[in-house]
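A quick write-up on the structure given underneath.
The values are calculated or read from the model by the stated rules, or taken from the named source; none is laboratory data. Predicted, not measured: the structure shown is a model, and the values here were computed from it. We place every Cβ from the backbone using ideal geometry, glycine too, and count neighbours over all the protein chains shown. When the accessible area is computed, the model is the full protein with side chains, heavy atoms only, and any ligands, DNA or RNA have been set aside. Shrake-Rupley method; radii C 1.70, N 1.55, O 1.52, S 1.80 Å.
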Amino acid sequence: MHPADQAPGPYEFPRPEAPGLAESPDFAWPGGADAAVSLTFDVDAEAGWLGEGPSYARRLTTLSEGRYGVVRGVPRILRLLAAHSIRSTFFVPGHTAELYPDTVRAILDGGHEVAHHGHLHLRSDKVGAEEQRLEIERGLDALDRAGAPVPTGYRSTSWEMTPETFELLLEHGFGYDSSCMGDDRPYWESWEGRSLLELPVHWSLDDWPRYGWNIDTGGNTAAPGELYTSWLTEYICARAERRHVTYTMHPEVIGRPQRFAELVRLVEEIERQGGAWHTTLADVAAHVRPLLPAPPQSARPVQDPR
């Protein structure tokens, strides 16, 4: 048997209450689930490249790869989720919502969450305060015009958060962020006495570091099966610790058939093992907010707008 076809074997993983590990709240996941699992998708489409600079507007081949995510990736993903009755979170830049409103509607019709992912996929650490504001406000406007409810969640481009964007999220009443990496459980991300609920991410739980590649900077071309073995191990650990795990994917990346097959295997194996509450980040945020210890006294946490 090929190693990629073997699920990790059973082993003892430290529980959250074990000596030396930070105390963890009892998240009491619905239905007695052992872990909460969120499959999330960043629907960057052409915005993922246009945000890199104006020269990309002439690079038709590169733009077409982004478009593949909408044309082929998203439909594949939606069919998989429907087959397993899984609700997921799709982070949609405003530019994508403007170009592909039918895709936004298809996501919503499938019962999924549409969350905020900027407008033109500009990295907040590379632009000024006013451009960061425009990214938030233009993204909100575009999602609204595409028929999406006011988003409660946000994910920064390339997972870089700045103080300016942090303040904008509080100003606009976002209920959670999914950009930071300070824990592998839901926690309060704080900056200068203010706090926002964080549903953390990590590069190891993202498809782009494995498969992302472009003609200018190169990249990686990992064996597709590595995603299955690594992410299944993460799920096993999350069950042992009774925590939440967020997987991040891009439809133009995971939607390629040989990679998509590994996502199908993962979903089927998690279902076979049992113990998962598959749900959106918005539902996780609403569930864990009253269960987390309060943020520091000086903090002024944003209220869940839902």
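Would it be correct to say that Leu205 is in contact with a helix residue (DSSP H, G or I) (Cβ under 8 Å, 6 or more places away or on another chain), closer than 27 Å to Arg239 by Cβ and surrounded by 17 or more Cβ atoms within 10 Å (Cβ to Cβ)? Judged against the criteria, Leu205 is a match. Residues in the range 127-143 that are among the polar types (S, T, N, Q) and over 19 Å from Asp42 (Cβ atoms): there are none. State yes or no: is Thr96 hydroxyl-bearing (Ser, Thr, Tyr), closer than 17 Å to Gly212 by Cβ, out of contact with any strand residue (DSSP E or B) (no Cβ under 8 Å at 6 or more places or on another chain) and assigned to a helix (DSSP H, G or I)? Judged against the criteria, Thr96 is not a match. Exactly one residue out of Gly31, Gly48 is more than 18 Å from Leu263 (Cα to Cα), part of a helix (DSSP H, G or I) and open to solvent by less than 40 Å² (accessible area, probe 1.4 Å): that is Gly48. Residue under question is Arg72, and the condition is that it be more than 30 Å from Glu269 (Cβ to Cβ) and open to solvent by 10 Å² or more (accessible area, probe 1.4 Å); does it hold? When the stated conditions are applied, Arg72 does not pass them. Being free of Cβ contacts under 8 Å to residues at least 60 places away in the same chain, in a loop (DSSP other than H, G, I, E, B), touching a Ser or Thr at 6+ places or on another chain (Cβ under 9 Å) and within 22 Å of His278 (Cα to Cα) is not true of Ser204.
Leu143 fulfils the conditions (1) farther than 26 Å from Glu268 by Cα; (2) open to solvent by 70 Å² or more (accessible area, probe 1.4 Å) except for a single criterion, (2).
Scanning the range 3-51 for residues that are farther than 26 Å from Tyr187 by Cβ, among the charged types (D, E, K, R) and over 17 Å from the mean Cα position of the chain (by Cα), we see that the one that is modelled with the lowest pLDDT is Asp5.
When the range 52-63 is limited to residues that are assigned to a helix (DSSP H, G or I) and surrounded by 13 or more Cβ atoms within 10 Å (Cβ to Cβ), the one that is farthest from the chain's Cα centre (by Cα) turns out to be Tyr56.
Look at (1) under 13 Å from the mean Cα position of the chain (by Cα); (2) within 21 Å of Pro75 (Cβ to Cβ) and you find that Leu205 fails only one, number (2). Scanning the range 164-192 for residues that are touching a helix residue (DSSP H, G or I) at 6+ places or on another chain (Cβ under 7 Å), surrounded by 19 or more Cβ atoms within 10 Å (Cβ to Cβ), in a loop (DSSP other than H, G, I, E, B) and not polar (S, T, N, Q) gives Gly175, Pro186. Of all the residues in the range 191-218, those that are among the acidic types (Asp, Glu) and at pLDDT below 95 number 2. Within the range 99-113, the set of residues being open to solvent by 30 Å² or more (accessible area, probe 1.4 Å) and in a loop (DSSP other than H, G, I, E, B) comprises Tyr100, Gly110, Gly111. All of Gly66, Gly118 fail the test of being surrounded by 22 or more Cβ atoms within 10 Å (Cβ to Cβ), modelled with pLDDT under 95 and closer than 24 Å to Trp159 by Cβ, apart from Gly66.
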